[in-house]
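Heads up, the thing below is written out as structure tokens.
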């Protein structure tokens with residue numbers, strides 16, 4: 001499994017750690033080790049595609065393409081406009097969309113030529129993205145005046161056009177499509193601790209239910225079925241279908257993942273030194289921990 | 001060279017030539033030395049600039065002090081700190097008055113060109129009661145009191161460096177007027193290795209240009225019973241903010257405007273004297289980037305009245321600081337200070353108490369003794385939180401307490417076989433140090449959680465124009481700041497354990513050759529020891545000539561900086577220039 005370590009803002013400390021849980025070993029900074037150069041500034045997200053990983057390096061305005069087998073660099077895709085790329089999602093035709101927090105556009109990347117081939121005007125800065133069939137659900141996180149957005153844009157991938165928008169919670173961050181639902185985590189408003197998970201009807205966009213997280217900013221991992229593991233005021237297991245929640249642990253974390261069997265959480269400590277990731281059972285008991293890079297902020301599990 | 005700078009330079013040259021007809025025939029030796037004051041009970045370095053430094057900032061001179069210098073680009077945001085302390089714990093003074101920015105707590109050294117300051121005193125052992133509040137890590141005191149009647153400087157160098165300056169002084173009886181003006185600019189588009197590209201490419205730094213115009217004035221009137229000194233310093237600078245090479249910034253700019261005035265009157269009262277001083281500051285900082293327009297204004301006014309004899313000094317001071325920032329509005333800060341110093345024989349002692357409108361009373365004190373070749377000094381020193389620490393929206397922490405430090409220094413100085421050996425050693429402990437550290441939401445907030453302990457030695461050897469020095473600094477975190485903190489017991493980030501250097505001047509007739517080597521040891525960029533910057537050797541070589549034609553003295557020099565073209569940086573991902581040339585011409589009438 002891989003851990004994306006964001007590193008400090010403007011410090012060029014982004015790294016990728018490979019964890020081999022069976023042996024308890026951590027291979028630090030696999031990118032620089034293999035390629036002899038640093039990854040960049042803020043490793044934001046990772047998308048697997050074929051035999052490659054696409055690593056979005058937010059503040060370096062680029063996507064590093066590496067081989068899955070040995071992390072050898074295959075290509076570097078520059079994202080224009082100082083857009084601040086955030087997340088990728090594959091669409092049909094060997095392409096992918098790239099969200100961008102500081103641009104009103106969604107960028108389109110050809111995954112074969114590894115070039116930016118176009119853009120879709122969304123009208124605000126975007127964060128999370130999920131694709132289902134020929135529709136991309138895009139979180140409109142940041143308005144042009146830097147206020148928090150509260151919409152989801154639906155983009156027809158075949159035509160690269162916005163077909164509609166849904167209203168969701170304040171500050172939508174992560175979007176996932178699960179069965180009949182589109183699930184959106186929203187950070188809420190700073191100081192109000194009103195982050196939430198908003199569950200939409202996938203067909204109509206109607207809000208089916210809201211799950212309060214009682215904190216600012218949030219992220220979640222998908223479990224089996226409609227089960228979610230979310231970071232709220234602790235680690236929370238929620239059911240998107242019923243809205244039922246259980247607090248598994250009061251431990252706070254920066255990122256969360258689920259490998260199909262166990263929960264992983266990231267503790268960045270003070271955000272300025274090597275952070276820790278913990279492996280937890282599905283009931284929230286800590287099983288072991290691994291020291292990784294600075295600000296661990298994302299997980300990728302083999303088989304994803 | 002644009003029209004303004006050309007006219008300025010021509011004016012300076014003309015003034016120099018006309019003044020030469022009436023100047024005295026006393027000539028000064030070239031100011032190419034770093035000496036150590038033998039004053040007081042502390043080790044103090046008195047740093048003088050080389051002619052080749054004239055158009056640089058004072059950071060270029062402080063680089064020879066062995067302190068921890070941090071520079072984002074030549075002439076852009078440069079700070080210095082010593083003995084394991086931080087830049088915000090190091091107070092920069094101007095003729096004794098604090099310059100540190102009230103909002104951010106530190107002084108950007110690049111705002112102060114060498115040419116307008118005649119010398120600087122670095123006092124690493126001194127503290128609050130020796131100088132000023134918040135001088136926990138010592139002080140750099142800029143002095144502009146030399147007696148040159150006229151001096152001009154001009155320089156041209158790589159990546160668009162240009163500097164022009166003129167100082168003129170007029171003495172009439174017991175009165176003196178000195179004025180100075182200095183202009184400097186640089187494109188700073190030097191080449192660097194971009195290690196983030198495949199293959200590694202040589203690129204040019206962008207958005208690092210700067211232009212700065214500075215002026216100073218000093219009026220002195222000396223009578224039988226009254227002496228007055230009036231100082232003024234003003235500067236305006238516009239610079240790009242280039243960002244790290246891992247994430248270059250293409251649009252960010254900053255404009256700084258500073259106006260400082262300082263007047264002091266000293267009058268005799270029988271065998272004693274009294275003083276009355278007024279100090280005013282206006283400082284604007286305007287930062288612009290995409291979606292960001294951050295403007296701050298700081299205004300400060302201080303009045304100090306004192307009384308003293310040969311062995312005793314007492315003063316009381318009231319200062320008030322107003323900060324207006326686009327991000328927050330803060331209440332005025334009013335500070336009352338009372339201090340007493342006494343010196344009897346070989347012993348000196350100071351005690352100080354301050355009353356801050358936010359914190360109430362706190363105190364500091366120091367004492368020292370001098371016995372033969374030995375000097376010893378101990379102090380308790382304090383620093384108060386900055387406006388940003390207290391009032392930054394949402395993140396500021398109004399519960400912060402002043403940070404404090406205990407410091408001790410022992411120095412032995414002696415002459416051995418024609419060499420001057422200076423051996424300072426020191427120890428210090430900081431408690432309740434303020435550090436911005438993230439909470440569970442990832443947002444940085446200031447807290448009183450930094451505990452550090454430092455020991456070190458700074459041996460120096462000097463003989464004529466030869467100097468060798470080494471600085472050993474063992475500065476460690478002594479307490480975990482949060483659960484899981486890996487920094488406990490480790491060296492503080494960006495503090496090298498070893499620095500050092502050597503310089504020597506060889507003279508032949510009117511020519512001189514001045515090689516200089518500086519070493520900065522390995523240092524981590526995070527407190528848990530990650531991402532170290534490798535050791536660096538920096539070599540400068542100056543070839544110059546000094547021509548004296550009474551009363552005129554002309555110094556022309558060519559300096560190759562970073563002669564070995566080493567990869568240099570003081571902050572990770574902020575590269576400094578490779579090998580480059582700068583040519584300087586100075587004309588001076590003492």
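Can you give the average number of partner chain beta-carbon atoms within 10 Å of each beta-carbon in peptide B:243-256, as a whole number?
Taking all residues of B:243-256 together, the mean is 4.
Taking each residue of A:270-281 in turn, how many C-beta atoms of other protein chains fall within 10 Å of its C-beta, and what is the average?
Average per residue, whole number: 5.
Just grab the label-to-label distance for residue A:81 and residue A:286, each label 7 Å out from Cα along the Cβ direction, in nm (one decimal).
4.4
Would you calculate, for chain A, the mean residue ellipticity at 222 nm contributed by helices, counting each DSSP H stretch of 4 or more residues as -39,500 (n - 2.57) and dividing by all residues, to the nearest 500?
Computed ellipticity for chain A at 222 nm equals -500 deg cm²/dmol.
Packing-wise, with mean Cβ within 10 Å as the measure, how do A:182-191, A:15-24 rank, highest first?
The peptides rank, most packed first, as A:182-191, A:15-24.
First measure r as the distance between the Cβ atoms of residue A:158 and residue B:488, then evaluate 1/(1 + (r/R0)^6) with R0 = 45 Å and state the FRET efficiency to the nearest 0.05.
0.20
Students often check this: by mean Cβ neighbours within 10 Å, which of B:90-99, B:222-231 ranks highest, and how do the rest follow?
B:90-99, B:222-231
Where does chain B land at 222 nm, in deg cm²/dmol rounded to the nearest 500, when only DSSP H runs of n ≥ 4 count, each adding -39500 (n - 2.57), divided by all residues?
Per the formula, -1500 deg cm²/dmol.
Starting with the highest mean, order B:66-74, B:243-251, A:285-293 by the number of other Cβ atoms within 10 Å, averaged over the residues of each peptide.
B:66-74, B:243-251, A:285-293
Want the number for residue B:191 to residue B:502: 0.36 nm per residue separation, take away the alpha-carbon distance, what's left?
109.2 nm
Using a basic spin-label model with each label point 7 Å from the Cα along Cα→Cβ, how many nm lie between residue B:307 and residue A:210?
6.9
What percent do you get for the relative contact order of the stretch B:78-216 when only Cα pairs under 8 Å and 6+ apart count?
18
Once each part is reduced to its C-alpha centroid, what is the distance from the stretch A:166-184 to the stretch B:291-316 in angstrom?
Distance between centres, Cα-based: 56 Å.
If I model a spin label as a point 7 Å beyond the Cα along the Cα-Cβ vector, how far apart are those points for residue B:316 and residue B:444 in nm?
4.1
Taking only the C-alpha atoms, wrap a convex hull around the protein assembly as shown and report its volume per residue in Å³ as a whole number.
Residue-normalised Cα hull volume stands at 163 Å³.
Using Cα centres only, tell me the gap between the stretch A:127-144 and the stretch A:31-50 in whole Å.
23
If the elastic network links every pair of Cα atoms under 10 Å, which of A:137, A:146, A:102 fluctuates the most in the Gaussian network model of chain A?
Answer for the Gaussian network model of chain A: A:146.
Need the full-extension length gain, residue B:412 to residue B:290, defined as separation in residues times 0.36 nm minus the C-alpha distance. One decimal, nm.
Stretched out fully, the residue B:412 to residue B:290 stretch lengthens by 38.5 nm.
If I take R0 = 22 Å and measure r between the Cβ atoms of residue A:146 and residue B:257 in this structure, what FRET efficiency does the formula 1/(1 + (r/R0)^6) give, to the nearest 0.05?
0.25
Take the alpha carbon atoms of the stretch A:65-92, find their center, do the same for the stretch B:565-584, and report the distance between the two centers in whole angstrom.
Cα centres, the stretch A:65-92 to the stretch B:565-584: 32 Å.
Express the relative contact order of chain A as a whole percentage, based on alpha carbon pairs under 8 Å and six or more residues apart in sequence.
12
Could you work out how much longer the chain between residue A:252 and residue A:35 gets when fully extended? Use 0.36 nm per residue separation minus the Cα distance between them, nm to one decimal.
Contour length minus Cα-Cα distance gives 74.7 nm.
Would you tell me the mean number of C-beta atoms belonging to other protein chains that fall within 10 Å of each C-beta in A:286-299, as a whole number?
Per residue, the average neighbour count from other chains is 1.
Expressed as a rounded percentage, what relative contact order does chain B have, with Cα pairs under 8 Å and six or more residues apart?
12
Just so you know, all these numbers are worked out from the coordinates, no wet-lab data involved. Being a predicted model, the structure only gives us computed values, none of them experimental. FYI the Cβ positions are ideal-geometry reconstructions off the backbone, even for glycines, and counts take in every protein chain you see.
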